[in-house]
Amino acid sequence: MSLQKQREEKIQLFLEMVKESDNIVFFGGAGVSTESGIPDFRSVDGLYNQEYDYPPETILSHTFYRRKPEEFYRFYRNKMLCLDAQPNMAHKKLAELEEAGKVKAVITQNIDGLHQLAGSKKVLELHGSVHRNYCESCHAFYDAQYVLRSQGAPRCEKCGGEIKPDVVLYEEGLDNQVIQEAISYIHHADMLIIGGTSLAVYPAAGLVDYYRGNKLVLVNKTPTPRDGMADLTLQESIGELFAKIER
């Protein structure tokens with residue numbers, strides 16, 4: 001059988017799995033948003049391979065945020081606030097499938113809010129969101145536009161306190177309630193689709209271990225450490241693949 005034939009059969013099997021399932025959970029990473037023009041950290045063209053005064057993983061750490069807030073925000077505005085990005089077909093199809101009662105939850109490592117923009121309602125954000133920013137003193141809320149328009153390290157208009165994005169920086173822990181809810185959805189899912197993630201970042205990557213079904217699908221352009229435990233692997237563009245799904 002030719003490689004092209006094998007590929008077509010795997011895509012058809014994926015579509016049949018989706019059609020037959022009514023308790024689907026989607027777990028996604030950076031690869032879901034790269035097709036919307038948002039840069040990835042670990043791909044060849046990702047942020048980790050560009051030149052900065054400091055490595056991105058250093059800049060996006062809790063320690064660096066505290067020690068050099070103006071430098072942190074210069075990078076953050078330039079590389080993390082992709083506010084013009086629009087949902088791609090993966091985001092849109094997931095929202096459609098949720099509306100149809102098939103997708104029960106979207107679990108994402110992304111902080112861009114594109115799933116909600118596409119119309120998804122049940123979105124568990126493991127790493128927070130650039131769209132939520134809070135004064136660390138009085139807890140006043142500020143949106144992403146406020147942070148984008150501010151100069152240096154943004155300050156609260158009400159009390160002058162420091163404003164921090166509601167995103168999980170390196171050295172910070174994930175929200176335990178979000179983790180527990182994600183575990184519950186994955187544990188009870190009849191189909192788990194993992195897309196656009198290398199499954200290299202823990203504890204998020206460990207969530208796959210809670211799945212108990214027999215329709216585990218990994219969609220990623222490159223192999224992952226968990227390919228061997230999947231029922232189906234597809235090295236495809238996630239947007240192009242999801243565009244083939246019919247409601």
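The values are calculated or read from the model by the stated rules, or taken from the named source; none is laboratory data. This structure is a prediction, so every number in the text was calculated from the model and none was measured. FYI the Cβ positions are ideal-geometry reconstructions off the backbone, even for glycines, and counts take in every protein chain you see. These area figures cover heavy atoms from the full protein model, side chains too; ligands, DNA and RNA do not enter into them. Shrake-Rupley method; radii C 1.70, N 1.55, O 1.52, S 1.80 Å.
For region 69-116, compute Rg over Rh where Rg is the Cα radius of gyration and Rh is the Kirkwood radius from the inverse mean 1/r over Cα pairs. With Rg and the Kirkwood Rh in hand, the quotient comes to 1.15. Among the lysines, which have Cα under 26 Å from the Cα of Lys121 when same-chain residues fewer than 8 positions away are ignored? Cross-link targets: Lys19, Lys92, Lys93, Lys102, Lys104, Lys164, Lys215, Lys244.
Here the peptides 178-186, 223-231, 162-170 are ranked by packing, the mean other Cβ count within 10 Å, and the order with the highest first is 162-170, 178-186, 223-231. Using only Cα atoms, tell me the angle between helix 89-99 and the longest principal axis of the chain; keep it within 0 to 90° and round to the nearest 10. For 89-99 against the chain, the angle is about 80 degrees. Computed over protein heavy atoms with a 1.4 Å probe, the carbon and sulfur contribution to the accessible area of region 103-223 reaches 50%. Please work out the Cα center distance from region 58-97 to region 129-168, rounded to the nearest Å. Going from one Cα centre to the other spans 14 Å. The alpha carbon convex hull volume per residue for the chain rounds to 125 Å³. Once the 1.4 Å probe is applied to the protein heavy atoms, the chain comes out at 50 Å² accessible per residue.
Relative to the longest principal axis of the Cα atoms of the chain, the long axis of helix 176-188 makes an angle of roughly 10 degrees.
The simple Förster model, with R0 at 25 Å and r as the Cβ-Cβ distance, assigns Leu148 and Thr63 a FRET efficiency of 0.55. A compact globular protein would have a Cα radius of gyration near 2.2 N^0.38 Å; the ratio found for region 29-174 is 1.09. Secondary-structure-derived ellipticity at 222 nm for the chain, considering helices only, amounts to -9000 deg cm²/dmol, per-run term -39500 (n - 2.57) for DSSP H runs with n ≥ 4. Taken as Cα centroids, region 196-224 and region 98-128 sit 17 Å apart, rounded to the nearest whole angstrom. From the Kirkwood radius over Cα pairs of region 143-247, Stokes-Einstein at 25 °C and 0.890 mPa s returns a whole-number translational diffusion coefficient of 146 µm²/s. In the chain, the longest principal axis of the Cα atoms and the axis of helix 3-20 are about 80 degrees apart.
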